[in-house]
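Below: the structure, in structure tokens.
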Amino acid sequence: MLLSTTEPARDMSGYISLLLFAALGMIVLAGTGDLMVMFVALELLSLSLYVLVSFRRGRLEAREGAFKYFLLGSVAAGLLLYGFALIYGVTGATHLSAIAGYVREGAVAPLYHAGVALVLVGFAFKLALAPFHTWAPDAYQGATVPVTAFMAVGTKTAAFVALARFLWAAVPVDAGLSSAYMIPIAVLAVASMLVGSLGALFQTNLKRLLAYSGIAHAGYLFLPLVSLTPEGLGQALFYLFAYLCMTGGAFAVIAARAAEARATAGGEGTAVDIEDLANWRGLYQTRPGLALLMALFFLAMAGMPPTAGFTGKLLLISGGLAAGAGWLLASMVASTGISAYVYLRVVGALFRSPEAAPAAAVAHDPVPAGVVGIVPAPGVAQPAIQWDRFAVGLVLVVLAAGLIVLGLFPNVLLTGLEGLLPVR
């Protein structure tokens, strides 16, 4: 919501209403224990996002991204609902506690396994797990930066928490069913890690790069679901918080630069493509504060200490070692190495000397905005700002502080995470 101040006022009442509907769906999805309520909440979230992605009127990529998102999302919703119907038909219940009780009573019908598999596929789409990720790069690129940030962080958080709660009840370890789902969950995790990291290698658009980064991070989050232990799920939720801080922070910096470019250009159009990585070269020379913040967020994604990205990856690795999932950890290490190269390439561009701009473009080359507490470099003119710098600055400061605090003191969060899971 705070990042939305960086966008031009264009049907703002409808825009805010859709964001609130999406937020409501996200909250209900993460908190409910009933399958039907879960589906309604997921559709409320999804339908709002379909419209929000297309909010950049007149932009072909916005319409294309929204259409792909809607088309594939509709298929995923059908699979998810069919899976819920099969589970209800077998168990006669829609509440997770009653479903868990059915599983413990004895033999489980084959249709129950089919239902759980369909639910897993439906949530894999919402989490942009490979091979159900094809909508994400186009939708991220087409949407406005605040909407993309909401999709990357909020949707993934709510969907992962809902899926973890579902699997915790529907596939209880003490009932001996978890081994039947270990291989497909592991395959989804490995495929997502490798597809996400390799796909990011070839991206020059920052939003598409972060879309593939999100696919890889979704694979990391799926690792603890292989064993379904309270400790593992607590570690996954910690990493989810770290992902929220570092990805949300990166999008906040992009939103700040886009807003400043728009203000400098004197209208809704921008003089340069802020999403193009080439236009971030030399940012440190004009806005050192923003460059350092962007570097912090990308270094956290790469798993550099003392950030929460490093601590979260360390927790996932230790949990994998305890579970004996060596080949999964090998895939994670390989994916992390590839992704680190991608992230360090972005960080390096921030500190390189900028390329000489064409003479015709010099007068309109935007200087990224400073935010609260970030002072422009000496000699750089400060243009008139039409957007709420305080709101964006607050977002950046909170997310950056969260990355450092959680990296240095992880127990602040870890001690309370296991209590979020319902008792079996």
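The values are calculated or read from the model by the stated rules, or taken from the named source; none is laboratory data. Quick caveat: nothing in here was measured; it's all calculated off a predicted structure. Note that each Cβ is placed from the backbone with ideal geometry, even for glycine, and that neighbours are counted across all protein chains shown.
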Residues of the range 83-99 that turn out to be surrounded by fewer than 19 Cβ atoms within 10 Å (Cβ to Cβ) and in contact (Cβ under 8 Å) with a residue 60 or more places away in the chain, as a count: 3
On the given criteria, is Phe39 among the aromatic types (Phe, Trp, Tyr), farther than 15 Å from Met151 by Cα and crowded, with 19+ Cβ neighbours inside 10 Å? yes
From Ala377, Ala330, Ala363, Ala359, residue being exposed (fewer than 15 other Cβ atoms within 10 Å of the Cβ), over 20 Å from Ala400 (Cα atoms) and either of a type in the set (S, T, N, Q) or modelled with pLDDT of 85 or more (or both): Ala330
Which ones in the range 3-20 are at pLDDT below 85 and surrounded by fewer than 17 Cβ atoms within 10 Å (Cβ to Cβ)? Pro8, Ala9, Arg10, Asp11, Met12, Ser13, Gly14
Please find, within the range 258-274, the residue that is farthest from the chain's Cα centre (by Cα) out of those that are surrounded by 20 or more Cβ atoms within 10 Å (Cβ to Cβ) and either at pLDDT 80 or above or not in a helix (DSSP H, G or I) (or both). Thr270
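Residues checked against (1) touching a residue at least 12 places away in the same chain (Cβ under 8 Å); (2) in contact with a helix residue (DSSP H, G or I) (Cβ under 7 Å, 6 or more places away or on another chain); (3) more than 26 Å from Asp276 (Cα to Cα); (4) not small (Gly, Ala, Ser):
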site	(1), (2), (3), (4)
Leu188	yes, yes, yes, yes
Leu194	yes, yes, no, yes
Ser213	yes, yes, no, no
Gly234	yes, yes, yes, no
Against the conditions (1) surrounded by fewer than 16 Cβ atoms within 10 Å (Cβ to Cβ); (2) closer than 30 Å to Thr148 by Cβ; (3) modelled with pLDDT under 90, where does Gly106 fall short? Just the number, please. (2)
Can you run down the residue pairs with Cβ atoms below 6 Å, 6 or more apart or on separate chains, where the first is in the range 278-301 and within 15 Å of Ala256 (Cα to Cα) and touching a residue at least 12 places away in the same chain (Cβ under 8 Å) and the partner is surrounded by fewer than 21 Cβ atoms within 10 Å (Cβ to Cβ) and among the charged types (D, E, K, R)? none
Any idea how many residues of the range 185-209 are among the hydrophobic types (A, V, I, L, M, F, W, C) and over 27 Å from Arg165 (Cβ atoms)? 7
Being farther than 26 Å from Thr144 by Cα and surrounded by 21 or more Cβ atoms within 10 Å (Cβ to Cβ) narrows Leu80, Leu45 down to just Leu80
State whether the residues of the range 34-41 include one that is in contact with a His (Cβ under 7 Å, 6 or more places away or on another chain) and either polar (S, T, N, Q) or in contact (Cβ under 8 Å) with a residue 60 or more places away in the chain (or both). yes
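Yes/no matrix, rows are residues, columns are (1) more than 18 Å from Phe351 (Cβ to Cβ); (2) assigned to a helix (DSSP H, G or I):
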| residue | (1), (2) |
| --- | --- |
| Ala278 | no, yes |
| Tyr284 | no, yes |
| Gly289 | no, yes |
| Met294 | no, yes |
| Phe298 | no, yes |
| Met301 | no, yes |
| Met304 | no, no |
| Gly312 | yes, yes |
Test Phe351 against the criterion of being surrounded by fewer than 18 Cβ atoms within 10 Å (Cβ to Cβ), farther than 30 Å from Ala100 by Cα, at pLDDT below 85 and aromatic (Phe, Trp, Tyr), and give yes or no. no
For the range 100-152, give me each residue that is touching a residue at least 40 places away in the same chain (Cβ under 8 Å) and not in a helix (DSSP H, G or I). Val108, Leu127, Ala128, Leu129, Ala130, Pro131, Phe132, His133, Thr134, Ala143, Thr144
Scanning the range 154-196 residue by residue, the ones that are under 27 Å from Ala41 (Cα atoms), in a loop (DSSP other than H, G, I, E, B) and either at pLDDT 90 or above or out of contact with any Phe, Trp or Tyr (no Cβ under 9 Å at 6 or more places or on another chain) (or both) total 1
Exactly one of Ala23, Ala76 is modelled with pLDDT of 90 or more, in contact with a Leu (Cβ under 9 Å, 6 or more places away or on another chain) and on the phi < 0 side of the Ramachandran plot, and that one is Ala23
